[in-house]
Each structure stands twice: as C-alpha cells, then as structure tokens.
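Report on the structure given below.
A short reminder: the numbers here are calculations on the coordinates, not readings from a lab. On a predicted model such as this, the values are computed, not experimentally measured, just so you know. Cβ atoms come from the backbone with ideal geometry, glycine included; neighbour counts cover every protein chain shown.
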Amino acid sequence: MHGLSVHLSRRCLRARPAPAVRRDPHPDGSPSARATHEQTARPAPGHLRLRCIGTARLPIHLKSTRERTDRCTTCTPTGVPPATTPTTRAATRTSPRPSRPRSTCGTTAASARTTTSLGRMTTTHTGTSGSLRLAVIPGDGIGPEVTAEALKVLEVASPAGVKFEQTRYDLGAERYLATGEVLPDSVLEEIREHDAILLGAVGGKPNDPNLPPGILERGLLLRLRFELDHYVNLRPSRIFPGVASPLANPGEVDFVVVREGTEGPYTGNGGALRVGTPHEIATEVSVNTAFGVERVVRDAFARAQRRPRKKLTLVHKTNVLVNAGAVWWRITQQVAAEYPEVSVDYMHIDAAMIFMTTDPARFDVIVTDNLFGDIITDLAAAITGGIGLAASGNVNPDRTAPSMFEPVHGSAPDIAGQQKADPTAAILSASLLLDHLGYADAAAVIETAAIADLAAREPGAARRTADVGEAIAARVAG
C-alpha cells in the first residue's frame, strides 16, 4: 500500500512502516513484487499514527471470553465512544422482581397470548400457559408510537394462558444526549435474560452536532446483533393485496432475504491513517469466516426447503471479491448437496439489483452477506410498498440469546408525536416475533389482519397511528 503495510488485530488496527518492496512467493514458489513503487520513501513516523474510528464490536463467535471485556487502550476512539460504563439507570423500575435483579430497567406485566404468523422455522406451541419475557426498546422519534400499536396487537393475538412480561429500556438518541451512554454492559446483560426483543426505531435529528455519526448504529444496534449473536437477519418481502408497487408489472412477489448479520464489513475492523491530509488512507475490512458463512447458509437452505418453490439464490460479487466470494460459493455448494430438492442459483450483486427491479418474482430465498443484504433489503422494501410496511428480524436461531424484531423504517423525527406514522411494519415485526417463539398460528392471525387492513385502505386517506393499530387489533380479535 505505497510503502505501508497494515497489520490487523482483533482489538485495534495498527500500522507499521514497511520496506519499499515486499515480495511474497507465488503458489508455485516464484517471487513476485507486490508493491509497484520500488523506491517509495519511508514515511515519517508521525504520518503512520493510526486513528481508531470507533471501538470495534466483534461478533461473539470471533471473541474469546477474555476479549469480550477487553478494550483498546492504545488509541482514543473517535465517533463511537465505548458504551460500557453505565452512569445512570436505563429506566425507572415500576415492579422489581427479586428473583431476577435488574439494576436499570422498568418492568410491567402485560397480558399477552402468543402464536406464530409468518410460519417459517419454529416449533409450534399449542397455547400452554407460561410467561414470556419481552424486552421493549421503543427508541426515538416515531418509535414509541409504532411500538405501542405493535404491543396492542401482540396482546390481543397472544394465545390464552401466555403472558408477556415487558421490560422497557430507554435506549436511543435521547438517552445518549442526556447521559452519554449508548448501551451499558449492565443493561446488555439484563436484555440477554429475555425471550425476545421488540425495537421501535432509534435515531436523533439529522445533522445534530451532539450526536456523532454512527454512534447508535455501532454502539446500540450492531452491538446488540453481535453480542446476542443475531447471525440471521430475516427480511420477508411481499407485495400485499391492495398495496401499489412502483413497478409496472412486478408479478407475484413473495421472497425472503436471509442476510448474514454478524460479519462482513460491519464488524468495525478498520481505521484511518494520515487523517485530514492529501495522503489519507481509510480501510474497512470485511470479515468472512467459514463458521459464520456456513451457519447462515444452512439456515437459508432450511427455509427454502420449507417453502413451496424450494429455490435459493446466492448473491455476492465473487468475480471481484475473490477471497470472501470463494468462501461463500464453496460452502453454498457443500450445503446444497444436503438439500437435493432445493434448486440453487447464483447472481452477482449488480445483476441481482437489475432483476430486483425488472423481475422480482423470480426470487424465493436470497442468502447473502451483511453489506449486500443491507442494500438488497432496502430495495426490496421499496418495490413492495415502502419501508413503512417492511418488517425484520435479527434472529439467533440457536436460541442462546433473545432475538430482536423491528420495523425497517427509521425514527422519522420530523413527524414524531403527530400520529402520522404507519405502524404496520412494527405490527408485522411482532408477528415475526411470535413466529420465532413458536406460535405460528397467532403470528399468522396478525399477518392476515394486517393484510386485510391494507386491502381495505382508501388511497390517499390519512389515518392516525393509533387508528391503524386499533383496526388491526380489532381484526385479530375477530
């Protein structure tokens, strides 16, 4: 890299000066010059000082037990301060539970009955009595409004004998601006004890100088995904009856994107050198492990096996990202041998974007990495009615930690408190939550009610957020 070799470690990206030419053997043993500038001058030591752009949040499967609490002590983070030193409580306790101490949360019991709607891969329950612990993070902007309606519908849809015990957390932009905290370790450990997480939306006002870019994405959302091992990011995409698509002839669109959620370039493994100079260098390293790829690919194949069309499409860029692409391609082929009934297709990401807008009905199950999945799912939301209808799940299929369900849309602070937000995506996310917990029938009831409400809407007619929630809840109640 022009006289500089970059050494990557799990805790921090560090740089050291390198010889002008670095020669490594070819596979056949012959040397090859990998640097093209034979006489590059060694930069002055001060020019090699690394600027960390945030505390890297490695996925749980990439960290040893010791590393889970280690911090980089040699660099001063910029942009994302460590969210690990709690100074205030996350919320006010309303009914403490002596059997399970909670230092920073408020707990309220809410009657709830559970079943599953978007029946994917869950074990069906038959209404046995029990208590389910639900961590609720309403968030910022319209988050509390849409979350309230999702909880309203969730309570009505839950099967008899099942009660949701809600624990609310005031995590988000408002908390950070008030306390400087993003996600204290103590709060993370409390959340870990729950059966599921329902998230509204987080994010402050655009261009707020007191809210560093990426502080919530990395410190809250990505940290929850990594620490709770949400390696499957699930995004169903379907054009519901009565919903207009911007595409003239989209066909019958009904596919699901299985996005890897704990690896890729989102691990925070990167840094910057010579910041603010004409010689600035910035890196973002994409981490792809055989372990991480195989488990999400297996999950995608299992989902494809259960769907009528039984088709899986791997989306990547193997002709350019040859190292990561090779891992994804090879493991997909290996797992495919165990699923002979599932047809397998491959597309480069650019080709997939073309077909997403010209023939989206061709897709059934898409499996892809973290970055490509992020892009694909936003476009998928756009062609199926907008992000206001898009639900998602950050899933830990192994059930070693609670999974998190949230609408795809953001906090929309410009309409917060005005009852203008459509809560349908949040309600459908609650349906996914029930499905994951094993209540497929109740989840299907929510989805059916939401679809019926969408079909009955008059074009251009405005409704309050609470009105939509009440209408769907009434349909669920029957």
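Counting only residues at least eight positions apart within a chain, or on another chain, the lysines with an alpha carbon under 17 Å from that of Lys163 are Lys152.
Relative to the Cα centre, what is the charge dipole magnitude of the range 245-384, using +1 at the beta carbon of each Lys and Arg, -1 at the beta carbon of each Asp and Glu, and rounding to the nearest 20 debye? Numbers along the way, then the final one.
Values: 13 positive and 17 negative charges, 58 e Å.
Its charge dipole is roughly 280 debye.
Coupling constants for the range 242-258 follow from the phi torsions by the Karplus curve (6.51 cos²θ - 1.76 cosθ + 1.60, θ = phi - 60°), and in residue order they are x, 9, 7, 9, x, 7, 5, 9, x, x, 8, 8, 7, 9, 10, 9, 9 Hz; glycine and proline get x. If you take all other residues with their beta carbon under 14 Å from the beta carbon of Thr448, and give Lys and Arg +1 and Asp and Glu -1, the sum is -2.
By its C-alpha gyration tensor, with a ≥ b ≥ c as the square roots of the eigenvalues, how is the range 393-478 shaped: rounded for a/c under 1.5, else prolate for a/b larger than b/c, else oblate? Write out the running numbers ahead of the final one.
Working: a/c = 2.86, a/b = 1.39, b/c = 2.05.
Cα axes put the range 393-478 in the oblate bin.
Please work out whether the range 116-275 counts as rounded, prolate or oblate from its C-alpha gyration tensor, where a ≥ b ≥ c are the square roots of the eigenvalues and a/c under 1.5 means rounded, while otherwise a/b larger than b/c means prolate and anything else oblate? Since a/c reaches 1.5 but b/c is at least a/b, the shape of the range 116-275 is classed as oblate. For the range 321-478, place one equal point scatterer on every Cα, skip the solvent, and apply the Debye formula. What is log10 of I(q)/I(0) at q = 0.08, 0.18, 0.19 Å⁻¹? Log10 of I(q)/I(0), two decimals: -0.31, -1.28, -1.35. Per-residue 3J(HN,Hα) values for the range 162-178, derived from phi via the Karplus relation 6.51 cos²θ - 1.76 cosθ + 1.60 with θ = phi - 60°, read 10, 10, 8, 9, 8, 10, 9, 10, 8, 7, x, 5, 4, 5, 4, 5, 7 Hz in sequence order (x marks Gly and Pro). Within the range 404-425, list the residues whose amide N lies under 20 Å from a label point set 7 Å along Cα→Cβ of Ala474. Residues passing the 20 Å test: 419-425. Say a paramagnetic label sat at a point 7 Å from the Cα of Arg330, along Cα to Cβ; which residues of the range 287-310 have their backbone N under 19 Å from it? The answer is 287-298, whose backbone nitrogens lie closer than 19 Å to the label point.
Could you calculate the contour length gain from Ile375 to Asp398, that is, 0.36 nm times the residue separation minus the distance between their Cα atoms, to one decimal place in nm? Walk me through the numbers on the way to the answer.
On the way: separation 23, 0.36 × 23 = 8.28 nm, distance 2.58 nm.
The span from Ile375 to Asp398 would gain 5.7 nm if fully extended.
Once the Cα-Cα distance is subtracted from the 0.36 nm per residue extended length, the Val320 to Thr357 segment shows a gain of 11.0 nm.
Compute for the range 245-384: radius of gyration divided by Kirkwood radius, i.e. Rg/Rh, restricted to C-alpha atoms, rounded to two decimals. Mind showing how you got there, number by number?
Details: Rg = 16.6 Å, Rh = 16.0 Å.
Looking at the range 245-384, the ratio lands at 1.03.
Placing dummy labels 7 Å off each Cα toward the beta-carbon, the span from Glu189 to Thr283 is 3.5 nm. For the range 189-204, backbone phi angles converted through the Karplus equation (6.51, -1.76, 1.60; θ = phi - 60°) give residue-by-residue couplings of 5, 5, 4, 4, 7, 7, 8, 6, 10, 10, 10, x, 6, 10, x, x Hz, Gly and Pro being listed as x.
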